[in-house]
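Right, one structure below, let's go through it.
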Amino acid sequence: MKYNVGNQLGMGVVGAGAIGINAALKHLSQADVQDKVHLAAVCDLVQGRADAAAAAYGVDKGYTGYEALLADKNVDAVTICTPIGMHFEQGMMALDAGKHIHFNKTMTTTKAEADILIAKAESKGLKIVASPGQMYWAVNQRIRKLLLEGRLGRPVWSICGTGSVGSYHINEPYRHGNDILTNTNPAWYFKKPGGGPQYDVTVYCLHAMTGILGPVRKVSAMSGRVVPSFDFRGEQIANEMDDSTTLMLEFDENLFGVVYAAPVGAVADGFSPYVYGLSGKVEGLVFNGEKLGRPGDHMPHHFGEHGKMGENHVYEDIMQLVDWIAEDGKKPYCNVEHARHVIDIIESGYRAAETGQTQSIATGFDLLGLEEINGMLEQYGG
Ligand SMILES: NC(=O)c1ccc[n+]([C@@H]2O[C@H](COP(=O)([O-])OP(=O)(O)OC[C@H]3O[C@@H](n4cnc5c(N)ncnc54)[C@H](O)[C@@H]3O)[C@@H](O)[C@H]2O)c1
């Protein structure tokens with residue numbers, strides 16, 4: 001039996017904040033998904049938010065407590081859309097309750113927690129998918145293809161990163177409405193554990209850079225706090241997390257990488273890396289003058305309205321879990337081993353900054369081969 005009840009996967013949405021609404025509920029309530037997924041439940045600890053979300057998006061049940069959602073037999077899987085610091089504990093509870101999990105993002109804040117979670121899922125025969133699935137973007141596949149085909153020559157160094165992260169969440173238009181679904185306070189983004197740009201956005205850069213270049217072997221870092229507080233609708237939110245962190249990464253064979261996150265400025269655009277090889281370069285998604293993004297590029301589930309809607313990369317990862325459960329086929333590219341490796345880099349980076357000592361990284365993950373990339377580009381590339 002794939003599902004507890006009926007022929008569609010019963011999804012439980014945990015947290016009805018910005019991403020619970022915009023990535024999970026808006027996409028999963030579209031007509032074209034109903035043959036695969038049914039919105040069984042939503043929960044949120046803010047009184048009234050889950051009920052409002054259930055009414056707005058046609059979800060069967062709204063709960064205030066997470067335990068009640070987990071006890072609902074119509075829920076086969078959960079998409080965890082709560083603050084990152086809660087993910088490990090909520091993930092363990094979901095596994096105990098026999099639910100598959102999609103983590104919207106980052107799966108845990110430490111490698112040790114990731115190990116425990118992965119072992120538990122394996123022992124229970126449950127599936128976990130962890131966002132962000134950066135290697136489902138055709139541009140990232142094309143950069144890796146260039147590398148595998150030797151068109152960049154020997155890769156030498158790479159850079160990617162983000163600026164203005166804190167202010168992004170303060171200013172998300174979705175948080176400035178006047179009802180319970182559109183006034184969600186982003187304070188947790190600035191608090192321990194799980195706040196700060198490393199777990200929130202560097203995670204995208206690292207999934208892309210390592211998905212393209214391979215696993216990191218050593219990390220060194222500098223990290224500190226710059227902006228003391230943020231104003232959210234008149235409330236001062238004290239920033240308790242480092243908001244300026246630069247990671248120096250060592251891959252195999254003297255290939256080096258830099259990943260920065262800062263409150264201002266950006267050298268690379270977006271989350272995809274610049275890559276410099278001895279005989280070619282990728283800069284700003286352009287390879288030797290040729291644009292790597294093409295009209296018609298789409299992730300596997302970005303058809304119809306989903307292609308136009310916001311946060312559809314998260315929807316993609318959710319659907320990877322849905323299909324994996326339905327077909328019991330190949331493990332998706334947004335998998336727990338890749339997520340653990342990225343968490344290991346982030347955690348080791350903080351340790352390196354604190355101690356002044358370069359840290360070794362032992363975790364790894366399976367990389368995309370040329371055949372897989374060609375297959376995906378044929379189907380989903382423009
Ligand atoms: N906002 C974005 O742009 C964005 C984009 C991609 C991914 N994400 C990721 O999505 C996740 C959630 O971020 P967000 O921006 O939606 O946060 P948010 O603060 O907007 O929403 C979180 C929601 O979770 C609820 N919540 C908190 N604790 C809970 C609990 N114990 N049980 C049930 N509900 C609980 C809160 O009340 C809130 O409604 C994070 O992992 C974040 O990194 C956010």
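The values are calculated or read from the model by the stated rules, or taken from the named source; none is laboratory data. In this text the structure is predicted, and so the values were computed from the model without any measurement. Note that we place each Cβ from the backbone using ideal geometry, even for glycine, and neighbour counts take in every protein chain shown.
Within the stretch 46-56, not a single residue is under 24 Å from Trp324 (Cα atoms) and touching a Gly at 6+ places or on another chain (Cβ under 9 Å). Output yes when any residue across the stretch 221-232 is within 12 Å of the ligand (Cβ to nearest atom), part of a helix (DSSP H, G or I) and either of a type in the set (A, V, I, L, M, F, W, C) or modelled with pLDDT of 95 or more (or both), and no when none is. For the stretch 221-232, residues within 12 Å of the ligand (Cβ to nearest atom), part of a helix (DSSP H, G or I) and either of a type in the set (A, V, I, L, M, F, W, C) or modelled with pLDDT of 95 or more (or both): absent. Kindly indicate the residue of the stretch 169-183 that is under 15 Å from Arg233 (Cβ atoms), of a type outside the set (Gly, Ala, Ser) and in a loop (DSSP other than H, G, I, E, B) and also nearest to the ligand (Cβ to nearest atom) among those meeting that condition. Out of the qualifying residues, it is Glu172.
Looking at the stretch 184-196, is at least one residue in contact with a Phe, Trp or Tyr (Cβ under 6 Å, 6 or more places away or on another chain) and more than 10 Å from the ligand (Cβ to nearest atom)? No, every residue in the stretch 184-196 fails to be in contact with a Phe, Trp or Tyr (Cβ under 6 Å, 6 or more places away or on another chain) and more than 10 Å from the ligand (Cβ to nearest atom).
Applying the condition of being surrounded by fewer than 16 Cβ atoms within 10 Å (Cβ to Cβ) and in a helix (DSSP H, G or I) to the stretch 43-67 and asking which residue is nearest to the ligand (Cβ to nearest atom) yields Glu67.
Restricting the stretch 192-220 to residues that are part of a helix (DSSP H, G or I) and of a type in the set (Ser, Thr, Tyr), the residue that is nearest to the chain's Cα centre (by Cα) is Tyr204. Taken over the stretch 196-216, the criterion of being surrounded by fewer than 24 Cβ atoms within 10 Å (Cβ to Cβ) and under 18 Å from Gly364 (Cα atoms) is satisfied by Tyr204, Leu213, Gly214, Pro215. Between residues in the stretch 47-74 that are under 18 Å from Ile19 (Cα atoms) and residues that are within 9 Å of the ligand (Cβ to nearest atom) and assigned to a helix (DSSP H, G or I), which pairs lie under 6 Å by C-beta distance while being six or more apart or on different chains? That search, which allows pairs on different chains as well, returns Gly62/Ala50; Tyr63/Ala50; Tyr63/Leu69.
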